[in-house]
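Visitor: Structure incoming, see below.
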Amino acid sequence: MTLRGLDWSRDGDDWPNRAASRFVQAGGLYWHVQILGQGPVMLLVHGTGAATHSWRTLLPMLAQRWTVVAMDLPSHGFTSAPPSQGLSLEGMSRLIGELLRSLGIQPEYAVGHSAGVAILARMCLNGSIAPKCLVSLNGALLPFEGVPNFLFPALAGVLFSNPLTAFVVSSSASPRRVEKLLRDTGSVVDAEGLKLYARLFANPRHISGALGMMANWQLAGMEAALAHLKPKLLLAAGANDRSIPPRQARHLASTLPNAQFALMNGLGHLAHEEAASVAQSLIEQFIASTLAGAAQGSTQTAFQSRT
């Protein structure tokens with residue numbers, strides 16, 4: 001059964017930062033990519049169930065200083081779907097690496113949200129990118145805690161194996177249900193964000209892509225692997241995040257040699273959408289401190305949220 005994807009001429013007519021969009025063939029996929037700005041390259045990778053719209057406010061803000069590159073992940077948004085193994089952590093990392101090679105891009109900085117952080121970390125660890133620093137916005141870097149660690153991927157796998165699931169889920173994606181789903185992450189998203197998430201969640205292929213990621217996602221061993229991460233790492237966590245407890249970021253920051261922690265007060269899992277200026281400030285401060293530290297032979301600077 002073929003799942004219908006989003007139509008750019010219809011569903012992308014009012015897409016955020018549309019003028020920066022282009023479509024690229026790489027790794028056997030047809031990618032939706034946005035590139036904006038000038039200067040050193042900064043790569044943005046969104047999380048499960050989102051798309052480039054997640055960066056709608058932050059992307060042009062960052063593009064004032066950098067060439068910012070963002071894409072819809074495979075089977076998300078307007079990017080085509082890969083075979084199921086392409087929705088795993090390794091598969092996503094490989095496919096994005098092929099996209100970057102096709103574009104002739106090697107990012108100096110990388111910013112990820114949620115599962116996008118794990119993708120970027122894996123790409124750093126396998127050498128497909130070598131940024132100077134990596135910024136994690138509510139990064140999903142550790143397995144689910146307790147029983148959900150076993151049940152959630154298994155349940156997602158069962159749902160993903162039945163193509164009818166995507167149709168059932170997408171057909172029930174009413175604006176009210178989408179708003180509740182987003183609020184359950186601890187975030188309050190603006191009207192434009194709600195409209196765009198509702199559009200995505202009403203699309204069967206997008207839902208199938210999100211379920212496929214969940215079903216194929218394995219983070220066992222990631223914490224140990226992060227000890228070998230070369231770029232400096234900023235772990236920014238929303239104090240109100242109900243999806244990924246901020247204590248996970250605190251824990252990683254206390255154990256990883258190149259990591260620092262920042263708490264974003266009053267913000268949830270979609271902190272960068274709620275308050276793009278807070279995310280911008282953290283990113284800019286961290287990059288500046290990383291560059292200054294490299295010049296002076298020092299690496300540590302304390303970070304605090306201004307919210």
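No lab work stands behind these numbers, since they all come straight from the coordinates. What you see is a predicted model; the values in this text were computed from it and never measured. All Cβ positions, glycine included, derive from the backbone under ideal geometry; neighbour counts span all protein chains shown.
Visitor: Using a cut-off of 18 Å between alpha-carbon atoms, which aspartates and glutamates can reach K195, once sequence neighbours fewer than 8 places away in the same chain are excluded?
Guide: D7, D11, D13, D14, D72, E179, D184, E273, E274
Visitor: Right, here's the next one. Taking the Cα centre of segment 172-226 as the origin, how large is its charge dipole in debye, to the nearest 20, when only Lys and Arg (+1) and Asp and Glu (-1) carry charge on their Cβ atoms?
Guide: 300
Visitor: Which entry is the computed semi-axes √(5λ) of the Cα gyration tensor in Å for this structure: (i) 28, 21, 20; (ii) 44, 25, 15; (iii) 26, 23, 20?
Guide: Given (i) 28, 21, 20; (ii) 44, 25, 15; (iii) 26, 23, 20, the calculated one carries the label (i).
Visitor: Could you name the aspartates and glutamates in cross-link range of K230, using Cα to Cα under 14 Å and dropping any fewer than eight places away on the same chain?
Guide: The qualifying aspartates and glutamates are E108.
Visitor: Show that you can apply the helix-only estimate: for the chain, add -39,500 (n - 2.57) for every DSSP H stretch of four or more residues, divide by all residues, and state [θ] at 222 nm to the nearest 500.
Guide: Taking each H run of at least 4 residues, the total per residue is -12500 deg cm²/dmol.
Visitor: A further question follows. Rounded, prolate or oblate: which fits segment 1-149, taking a ≥ b ≥ c as square roots of the Cα gyration tensor eigenvalues, rounded meaning a/c under 1.5, else prolate when a/b beats b/c?
Guide: Numbers: a/c = 1.39, a/b = 1.05, b/c = 1.32.
Taking the square roots of the gyration eigenvalues as a ≥ b ≥ c, segment 1-149 is rounded.
Visitor: Check T48: other-chain or 5+ apart residues with amide H under 5 Å from its amide H, H built from backbone geometry?
Guide: A115, G116
Visitor: If you don't mind, there's one more thing I want to ask. Can you compute the charge dipole magnitude of the chain about its Cα centre, using +1 on each Lys and Arg Cβ and -1 on each Asp and Glu Cβ, nothing else charged? Give it in debye, rounded to the nearest 20. Please list the in-between numbers first.
Guide: On the way: 23 positive and 18 negative charges, 14 e Å.
Once rounded to the nearest 20, the dipole reads 60 debye.
Visitor: Span-like helices, the chain: DSSP H, alpha-carbon axial extent 24 Å or more, mean Kyte-Doolittle 0.0 or greater, which ones?
Guide: Correct list, ordered by number: 276-296.
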